[in-house]
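Engineer: Quick one: the structure is below, questions incoming.
The values are calculated or read from the model by the stated rules, or taken from the named source; none is laboratory data. What you see is a predicted model; the values in this text were computed from it and never measured. Because the Cβ atoms are built from the backbone with ideal geometry, glycine has one as well, and the counts that use them run over all protein chains shown.
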């Protein structure tokens, strides 16, 4: 039996999305910047995809910009905002995705900006009072960048509350929404966010394509220089088929979002109950009431558990110990370290998708308790 439970790293493409993408690959090869009919057809496909995504997010099409994925989107926003002379510092947390932390570190150093960190508790919740205090000395000179859902432990940001604090101090708010796009409605018309990002392969779309949301009130400099594509925000010929496939996958995620989240909540409770009753010396990382499809298990950091991921792999169970972007590293997860558990536990991250079955979760528990 093969059980894939690493859907926070990437998801299986939906068959309907694959078929849709293949159709466009075969038929729509014109350059979207060309003025003849083949080019115009490609342009229509791209703009229809933009409109689909914008409508689902309750944004305007002019606020959606296509990229090669979440990492490029993050780099574009961070570099673009920090080039603004009025922005002098960034406030972030120690548990952000490495793409965010490294982008902030690099561009802050490049443009001579300061970086401050708001602390997190043992479950990965940011210290709201501390954020308020840090911003109290702000005068429209700060970018706050805090992820919506942590990719390793699933803890959710109280987005409305954080937005209220940022608005009180006239502060820009950027949230890494890669793990929640396609799982939450993310109503951008509420005005909580100035910037957000998405990566299609997190919601059953293709790899190598994503988008960024830049609210209409904000103007930033592009990361890539060249042509005038994406209204001068992202140079380079657009990836027509992947952009269209991403919009299709995003649309499908909304059609089944309520049903899927109800399933995740039910399955997660079932999984937690079985693990607590049947597996010795196990606890959980983060807030288990967080991201519905994600559960981080904490095993004792013993010699016996050192090869736990490999042992599960041999049994056909595919999970991660941390984020896929850092799983090749030999050091402890910076997220687990920030919540104070790096010295005592070895994490296993389970992330479900719409294809996950209860039988697969039961098989995981049966294997885990025998290892």
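Engineer: For the stretch 338-371, which residues satisfy the criterion of being within 20 Å of residue 291 (Cα to Cα), exposed (fewer than 14 other Cβ atoms within 10 Å of the Cβ) and in contact with a helix residue (DSSP H, G or I) (Cβ under 9 Å, 6 or more places away or on another chain)?
Structural biologist: Once the filter is applied, which keeps residues that are within 20 Å of residue 291 (Cα to Cα), exposed (fewer than 14 other Cβ atoms within 10 Å of the Cβ) and in contact with a helix residue (DSSP H, G or I) (Cβ under 9 Å, 6 or more places away or on another chain), the stretch 338-371 yields 357, 358.
Engineer: Pull up the stretch 98-109, narrow it to residues that are under 25 Å from residue 122 (Cα atoms) and out of contact with any helix residue (DSSP H, G or I) (no Cβ under 7 Å at 6 or more places or on another chain), then point me to the one that is surrounded by the most Cβ atoms within 10 Å (Cβ to Cβ).
Structural biologist: Among those residues, the one meeting the criterion is 101.
Engineer: In the stretch 172-226, what count of residues is obtained for those that are more than 24 Å from residue 353 (Cβ to Cβ), free of Cβ contacts under 8 Å to residues at least 40 places away in the same chain and in contact with a strand residue (DSSP E or B) (Cβ under 8 Å, 6 or more places away or on another chain)?
Structural biologist: Going through the stretch 172-226 one residue at a time, the tally reaches 4.
Engineer: Now for a different question. Looking at the stretch 62-95, which of the residues that are over 18 Å from residue 225 (Cα atoms) and out of contact with any strand residue (DSSP E or B) (no Cβ under 7 Å at 6 or more places or on another chain) is modelled with the highest pLDDT?
Structural biologist: 62
Engineer: For the stretch 211-226, state whether one or more residues are within 20 Å of residue 55 (Cα to Cα), assigned by TED's automatic domain parsing to the domain that holds residue 85, crowded, with 22+ Cβ neighbours inside 10 Å and modelled with pLDDT under 95.
Structural biologist: Residues of the stretch 211-226 that are within 20 Å of residue 55 (Cα to Cα), as a first pass: 211-218.
Checking the rest, the ones that are also assigned by TED's automatic domain parsing to the domain that holds residue 85 come to 211-218.
Now narrow it down to the ones that are crowded, with 22+ Cβ neighbours inside 10 Å: 211-214.
Going one step further and asking which of them are modelled with pLDDT under 95, we end up with none.
Looking through the stretch 211-226, none of the residues is within 20 Å of residue 55 (Cα to Cα), assigned by TED's automatic domain parsing to the domain that holds residue 85, crowded, with 22+ Cβ neighbours inside 10 Å and modelled with pLDDT under 95.
Engineer: List the residue pairs whose Cβ atoms are under 6 Å apart, where the first residue sits in the stretch 272-296 and is modelled with pLDDT of 95 or more, the second is surrounded by fewer than 15 Cβ atoms within 10 Å (Cβ to Cβ) and assigned to a helix (DSSP H, G or I), and the two are 6 or more positions apart or on different chains.
Structural biologist: 292/265
Engineer: Could you list, in sequence order, the residues of the stretch 295-313 that are under 19 Å from residue 9 (Cβ atoms) and loosely packed, with under 15 Cβ neighbours inside 10 Å?
Structural biologist: 310, 313 - these are the residues of the stretch 295-313 that are under 19 Å from residue 9 (Cβ atoms) and loosely packed, with under 15 Cβ neighbours inside 10 Å.
Engineer: Could you check the stretch 1-18 and list, in sequence order, the residues that are assigned to a helix (DSSP H, G or I) and surrounded by 13 or more Cβ atoms within 10 Å (Cβ to Cβ)? Lay out the reasoning, then the answer.
Structural biologist: The initial filter retains those residues of the stretch 1-18 that are assigned to a helix (DSSP H, G or I), namely 15-18.
Result: 16, 17, 18.
Engineer: Mind checking whether some residue in the stretch 259-271 is closer than 23 Å to residue 15 by Cα and without any contact (Cβ under 8 Å) to a residue 12 or more places away in the chain?
Structural biologist: First, the residues of the stretch 259-271 that are closer than 23 Å to residue 15 by Cα: 259-264.
Pick out the ones that are also without any contact (Cβ under 8 Å) to a residue 12 or more places away in the chain and you get 259, 262.
Within the stretch 259-271, one or more residues are closer than 23 Å to residue 15 by Cα and without any contact (Cβ under 8 Å) to a residue 12 or more places away in the chain.
Engineer: Name the helices (runs of 4 or more DSSP H) wholly within the stretch 200-313 that hold at least 1 residues that are over 30 Å from residue 85 (Cα atoms)? Give the steps one after another, and end with the answer.
Structural biologist: Numbers: elements: 229-232, 240-255, 257-278.
Answer list for the stretch 200-313: 240-255, 257-278.
Engineer: Okay, moving on. Among the numbered conditions (1) crowded, with 23+ Cβ neighbours inside 10 Å; (2) assigned to a loop (DSSP other than H, G, I, E, B); (3) touching a helix residue (DSSP H, G or I) at 6+ places or on another chain (Cβ under 7 Å), tell me where residue 174 comes up short.
Structural biologist: Here residue 174 meets the rest and fails (2).
Engineer: Within the stretch 42-65, can one find any residue that is free of Cβ contacts under 8 Å to residues at least 60 places away in the same chain, closer than 30 Å to residue 104 by Cβ and surrounded by 21 or more Cβ atoms within 10 Å (Cβ to Cβ)?
Structural biologist: In the first step, residues of the stretch 42-65 are kept if they are free of Cβ contacts under 8 Å to residues at least 60 places away in the same chain; the result is 43-44, 47, 51, 54-55, 61.
Pick out the ones that are also closer than 30 Å to residue 104 by Cβ and you get 54, 61.
If we keep only those that are surrounded by 21 or more Cβ atoms within 10 Å (Cβ to Cβ) too, we end up with none.
No.
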